[in-house]
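S.K.: Please see the structure below; I have some questions.
The values are calculated or read from the model by the stated rules, or taken from the named source; none is laboratory data. Owing to the predicted nature of the structure, the values given are computational and were not obtained by experimental measurement. Please note: Cβ atoms are built from the backbone with ideal geometry, for glycine as well, and neighbour counts cover all protein chains shown.
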Amino acid sequence: MKKLITTAAALALTAGMASAEGKLVVYHWFEYIPQELLDKFSEEHDVEVVMDTYDSNEALLASLKAGAIGTYDVAVPGDYMVQIMAQEGLLDTIEDGELANKGNIQPEWADPSFDPGRTHSIPYQWGSTSFAVNRDDFDGPIDTTDILFNPPAALSGKINMLDSQGEVMAMAALHMGIPQCSTDREQLKALNAMLQEAKQHWASFNSDTAKEVLVSGDASVGQIYDGFAAKARQEGANIEYAFPKQGYIVWMDNVVLLKDAPNRENALKFMDFLLEPENIAAVTNYARYVSGVEGVGPFLDPELAKQPESNPPADAGKGVFIEVCDQQTQEVYDQIWTNLKK
Amino acid sequence: MASKKYDLRVYPGFRGITLLCLVILYAPLIVVMVYSFNASPSITNWEGLSLRWYADVFTGPESAKFKSAARNSFVIALIAATVATTIATLSATAILRGGKFRLRMVSFGLISLPLMVPEIVTAVATLIFFNAIGFDRGLLTILLAHIAFCIPFAYLPISARMQGIESTYEQAAMDLYATRRQAFTRVLLPLMAPGIVSGFILAFIVSLDDFIITNFVKGAGVETLPTAIFGAVKQGIKPNIMAISTMLLGVSVVMVTLSWLISRKDRKT
Amino acid sequence: MAGGAATGGSSTSDTYAEARTWLLLPAWVTLGILVLAPVAIMLVYSFLTKEFRGGVIWEFSLGAYDQFFCSRGLFGDEPCSIEWTYIQIFWRSIWQAGAATLLSLVIGFPTAYFIATRPPRQRTLWVFLVTIPYWVNLLIRTVSMKFLLRDEGPLNDFLTGIGLLNEPLAIVNTNFAVQLGLFYSYLPFMVLPIYAAVERYNFALSEAASDLYAPRWTVLRRILLPSVKPGIVAGCILVFVPSLGSFLAPDLLGGARNFMIGSLIEEQFKGNAGNWPFGAAASMILLTMVLIILLIFARQQAKAES
């Protein structure tokens, strides 16, 4: 017992020494960066890397707002969360010239709507969110969001939605052809009614096992991320990832510089490190998404380029980011979401 | 007595229900064990026998993380359960053997408070609180939070047991010149043993399984098994988690068997 | 409540009355700092103005409670009418938790009794047998449970295979699955307290009753159950109360088509809503409700005893 307490005390002590020199504290998703890459950075720059993990963009925000800001150097939020964090004043500004490799960012990602001019962030990985259909259960056309919101009888009651307001609402807006953060009352009422109607076709809301329900065949249709759909396919599910003509969701995770970062210099070094094609390609090969950096081609696993999930057909709709609504509009959306799940 | 047609202790059907109970408890674990040997990266499609996920646990890129997470979880669960059980035993003695006093109901209310507040609320509030008093997050903050929410889980079985023990036992001991302390340690505690063991086990499994509170009060670089497992789900559930779970089961079975064998040996000699 | 149950009976005494302050001090300090302080923070938060996307603005507001009880339409500009949404969510959770508690009691009591009547040396082994599965993470256990219960899962294959069913039983994504998930999450919390109480039971009482020609089920009901009641009460509290706020197992098995209290509150802190005061207010309402339920229970028990 005594030994245990001493061990615990020792562990607690080592964990408490947060601001030693040559350190970098990363707040990241779990299993989203290969350990070898962190080790490589440690060695190249003689910096000790400490990583903490979160399980959702919202959990990241809640934790930082509850007072964790100032203990981390960098985090990896999704597109809309970058914008929210910037609005909340949780991000530091990267001054011109502070990032040597900033020019490596692909032009289409150099000035995104969620972080104009890339003043707080650099691209990490990106992909899409749409839905996948089990081809054993349904062989009709699937290039429409009707599959989710107004499905053919064969699919009704066999649909899994992501348990996430952002993804469901954005997809619903695409389906109805209305702007994402619409303030038009008639449109909002119609959106509410459409979702109430669609719910009867849905078997479940589930994000944690979104891939598993497709592989096991419990769901014939599942709202899902492209990477998950690819994995489900590799696990033997006869599924096809859809690119609906109404459009689909694009997401991008980004490395951001947090406000009051205890090791700002090292954070910038780390961002430069991740802008080198060889390094970010290692992340891509590990996570199976797409990077936003020029010149990664030669370092990539050739399998990746052939993935149907990353290659939308020519007639696919537009990919859009989830938009960030203002407070008043967001409150209506919260109400619609509560109505849907009450 | 011998003329009784049946054993009064035995109720028909109870054995059957117990077996049903065990089947319900263990059936999902059989799935876990079987799929830990799956050759496929899927947890639902069977592709053949393989040890690749066990190899992955020991040599995979995340092996160091899972190892330290497992160690953290055990150290925390052991210490938290021990401290919580001690606090619960002392409190139960005061509440059930301390006469009537004004703070009695209040004390009981305080002890059961962690049960009544949803975990996410405790989690956010505790994080705010630790930040307000400038307490650096780390293993110690997890440990403190775990001790607090384990107390009611240890307290209820202990107090349920103590209510079944008449105070005449300790009175008799004290009439025979035992001190109050001796009456407590030599008479009450041994009688309490099954309650204390039950309380300890409940506290232990509650601590071992906690995710929400831990996720908020843990500091940079500190993972426990549940936070590691929930984090990994973002990339999809892989059979390596099944392999880890199977090994944990193995460890627990070995530990229980060992302690049973040792206690049996003790009794024989 | 258990403290109330604890107050009655001959087992209470004042043997350690002088030491009681010292005996309670560790609990007071630990819980006062680590639980009461955070709860106080949340109580305060429930009366503050919400900050958009999480956090609070330090201005007094009843907005959170207004949102709970007052429906003001989709756009929040209609006059107040009674809001049934959250009451409905609370009622659903209470009902599901109650059903899960009953299920746990029906399975857990006989199991606990059976364990307590094993030869003394086997008892600890049985207790471990019931708790070993809980070394495996809840998420993994629940996912595997779901795998078993699927329409084309092993259970349905078995039941249709032996000809008991023609059609597979649809369990996943039903209310019953939610109850099953809760039951499976908390079963040992029912078994262990009852075991600890029954193990202490003096079977001479049963003998005496039986000698007076009481049938055995009457003995169970009139003699055994009343004397192990503290264990049953403790078990029911340990299953019912955490079930109210739980969401992982019921969501995974039940499909999360409808909010439970736990997921509603979780959404306020970790979801898009980011409405901390509302989450805090809902928790305070839950807390008050549980306290009232336990108090009514304690009252009745005290009456029954006197």
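S.K.: State whether one or more residues within region B:196-216 are surrounded by 23 or more Cβ atoms within 10 Å (Cβ to Cβ), more than 13 Å from chain A (Cβ to nearest Cβ) and assigned to a loop (DSSP other than H, G, I, E, B).
M.R.: Yes, region B:196-216 contains at least one residue that is surrounded by 23 or more Cβ atoms within 10 Å (Cβ to Cβ), more than 13 Å from chain A (Cβ to nearest Cβ) and assigned to a loop (DSSP other than H, G, I, E, B).
S.K.: Return yes when A:PHE243 is of a type in the set (A, V, I, L, M, F, W, C) and under 21 Å from A:ILE336 (Cα atoms) and no when it is not.
M.R.: Working: of a type in the set (A, V, I, L, M, F, W, C): yes; under 21 Å from A:ILE336 (Cα atoms): no.
In short, no.
S.K.: Any residue at all in region A:232-250 that is of a type in the set (Lys, Arg) and closer than 17 Å to A:GLU95 by Cβ? Walk me through it before giving the result.
M.R.: Looking only at region A:232-250, we keep the residues that are of a type in the set (Lys, Arg), and these are A:233, A:245.
Of the ones still in play, those that are also closer than 17 Å to A:GLU95 by Cβ are none.
Within region A:232-250, none of the residues are of a type in the set (Lys, Arg) and closer than 17 Å to A:GLU95 by Cβ.
S.K.: Go through region A:242-295 and report how many residues are within 18 Å of A:GLY127 (Cα to Cα) and of a type in the set (Lys, Arg).
M.R.: Qualifying residue count for the region: 2.
S.K.: Is it true that C:ALA256 is on the phi > 0 side of the Ramachandran plot and of a type in the set (A, V, I, L, M)? It would help to see each step written out before you state the result.
M.R.: Working: on the phi > 0 side of the Ramachandran plot: yes; of a type in the set (A, V, I, L, M): yes.
Yes, satisfied.
S.K.: Let me ask another. For C:PHE189, are the conditions met, namely being in a helix (DSSP H, G or I), at the interface with another protein chain (Cβ under 8 Å from one of its Cβ atoms) and more than 21 Å from C:VAL239 (Cβ to Cβ)?
M.R.: No; evaluated as a whole, the condition is false for this residue.
S.K.: Then there's this: Among helices (runs of 4 or more DSSP H) lying entirely in region A:1-63, which contain 3 or more residues that are modelled with pLDDT of 85 or more and either among the basic types (Lys, Arg) or within 24 Å of B:ARG71 (Cβ to Cβ) (or both)?
M.R.: A:35-45
S.K.: Looking at region A:57-81, which of the residues that are over 16 Å from C:GLY271 (Cα atoms) and among the hydrophobic types (A, V, I, L, M, F, W, C) is nearest to the chain's Cα centre (by Cα)?
M.R.: A:VAL76
S.K.: Could you grab the pairs with beta carbons closer than 6 Å, sequence gap of 6+ or different chains, first residue in region C:189-204 and among the basic types (Lys, Arg), second one part of a loop (DSSP other than H, G, I, E, B) and at pLDDT below 90?
M.R.: Taking only residues 6 or more apart or on different chains, the pairs are C:ARG200/B:GLY164.
S.K.: Restricting to region B:90-103, name every residue that is surrounded by fewer than 24 Cβ atoms within 10 Å (Cβ to Cβ) and more than 7 Å from every other protein chain (Cβ to nearest Cβ).
M.R.: B:LYS100, B:ARG102, B:LEU103, listed by residue number.
S.K.: Considering only region C:192-207, how many residues are in a helix (DSSP H, G or I), of a type outside the set (Phe, Trp, Tyr) and facing chain B (nearest Cβ under 7 Å)?
M.R.: Residues meeting the conditions: 6.
S.K.: Hey, any hits in region B:160-173 for a residue that's modelled with pLDDT of 90 or more, facing chain C (nearest Cβ under 8 Å), more than 14 Å from B:ILE196 (Cβ to Cβ) and assigned to a helix (DSSP H, G or I)?
M.R.: no
S.K.: Could you tell me whether B:ILE111 is crowded, with 19+ Cβ neighbours inside 10 Å, part of a helix (DSSP H, G or I), of a type outside the set (Phe, Trp, Tyr) and more than 10 Å from chain C (Cβ to nearest Cβ)?
M.R.: Against the criterion (crowded, with 19+ Cβ neighbours inside 10 Å, part of a helix (DSSP H, G or I), of a type outside the set (Phe, Trp, Tyr) and more than 10 Å from chain C (Cβ to nearest Cβ)), B:ILE111 does not qualify.
S.K.: I need every pair where a residue in region B:17-30 that is closer than 19 Å to C:LEU139 by Cα has its Cβ under 9 Å from the Cβ of a residue that is outside any helix (DSSP H, G or I), sequence separation at least 6 or different chains.
M.R.: These pairs meet every condition: B:PRO28/C:VAL136; B:LEU29/C:VAL136.
S.K.: In addition: Restricting region A:153-184 to residues that are more than 16 Å from A:GLN200 (Cα to Cα) and of a type in the set (Asp, Glu), which is surrounded by the fewest Cβ atoms within 10 Å (Cβ to Cβ)?
M.R.: Among them, the one singled out is A:ASP184.
S.K.: C:THR101: more than 7 Å from every other protein chain (Cβ to nearest Cβ), buried (at least 16 other Cβ atoms within 10 Å of the Cβ), under 23 Å from B:SER207 (Cα atoms) and not charged (D, E, K, R), yes or no? Break it down into steps so the answer makes sense when it comes.
M.R.: On the way: more than 7 Å from every other protein chain (Cβ to nearest Cβ): yes; buried (at least 16 other Cβ atoms within 10 Å of the Cβ): yes; under 23 Å from B:SER207 (Cα atoms): yes; not charged (D, E, K, R): yes.
So C:THR101 fits the description; yes.
S.K.: Still on this structure, I have one more. For region B:33-55, what are the residues that are surrounded by 14 or more Cβ atoms within 10 Å (Cβ to Cβ), assigned to a helix (DSSP H, G or I) and out of contact with any Leu (no Cβ under 8 Å at 6 or more places or on another chain)?
M.R.: Answer for region B:33-55, where residues must be surrounded by 14 or more Cβ atoms within 10 Å (Cβ to Cβ), assigned to a helix (DSSP H, G or I) and out of contact with any Leu (no Cβ under 8 Å at 6 or more places or on another chain): B:VAL34, B:TYR35, B:SER36, B:ARG52, B:TRP53, B:TYR54.
This table checks each residue for (1) in contact with an Asp or Glu (Cβ under 9 Å, 6 or more places away or on another chain); (2) of a type in the set (Val, Ile, Thr); (3) at positive phi.
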site: A:PRO116; (1), (2), (3): no, no, no
site: A:PHE131; (1), (2), (3): no, no, no
site: A:ARG135; (1), (2), (3): yes, no, no
site: A:PHE138; (1), (2), (3): no, no, no
site: A:THR144; (1), (2), (3): no, yes, no
site: A:ILE147; (1), (2), (3): no, yes, no
site: A:LYS158; (1), (2), (3): yes, no, no
site: A:ALA170; (1), (2), (3): yes, no, no
site: A:ILE178; (1), (2), (3): yes, yes, no
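S.K.: Still on this structure, please answer the following. Quick one: which of C:LEU169, C:LEU148, C:LEU139, C:LEU164 is surrounded by fewer than 21 Cβ atoms within 10 Å (Cβ to Cβ), in contact with a helix residue (DSSP H, G or I) (Cβ under 9 Å, 6 or more places away or on another chain) and under 30 Å from B:PRO226 (Cα atoms)?
M.R.: C:LEU148
S.K.: So C:LYS146 passes all but one of these: (1) without any contact (Cβ under 8 Å) to a residue 12 or more places away in the chain; (2) more than 7 Å from every other protein chain (Cβ to nearest Cβ). Which condition number does it fail?
M.R.: (1)
S.K.: Let me spell it out: the conditions are (1) modelled with pLDDT under 95; (2) in contact with a helix residue (DSSP H, G or I) (Cβ under 9 Å, 6 or more places away or on another chain), and A:MET252 meets all of them except one. Which number is the exception?
M.R.: (1)
S.K.: Sticking with this one: List every residue pair whose Cβ atoms sit under 9 Å apart, with the two residues 6 or more apart in sequence or on different chains, where the first one lies in region C:123-139 and is touching a residue at least 60 places away in the same chain (Cβ under 8 Å) and the second, anywhere, is among the charged types (D, E, K, R).
M.R.: Matching pairs, first to second residue: C:ARG123/C:GLU199; C:LEU138/B:ASP209; C:LEU139/A:ASP208.
Yes/no matrix, rows are residues, columns are (1) over 18 Å from B:GLN163 (Cα atoms); (2) within 14 Å of chain A (Cβ to nearest Cβ); (3) free of Cβ contacts under 8 Å to residues at least 40 places away in the same chain; (4) not in a helix (DSSP H, G or I):
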residue	(1), (2), (3), (4)
C:ALA209	yes, no, yes, no
C:ALA214	yes, no, yes, yes
C:TRP217	yes, no, yes, no
C:LEU238	no, no, no, no
C:LEU253	yes, yes, no, no
C:ALA256	yes, yes, yes, yes
C:GLY262	yes, yes, no, no
C:ILE285	yes, no, no, no
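S.K.: Within region B:114-142, track down each residue that is of a type in the set (Val, Ile, Thr) and within 7 Å of chain C (Cβ to nearest Cβ).
M.R.: Within region B:114-142, B:VAL117, B:ILE120, B:VAL121, B:THR122, B:VAL124, B:THR126, B:ILE128 meet the criteria.
S.K.: Looking at A:ILE122 and the list (1) within 23 Å of A:LYS269 (Cα to Cα); (2) surrounded by fewer than 22 Cβ atoms within 10 Å (Cβ to Cβ), which single condition is not satisfied?
M.R.: (2)
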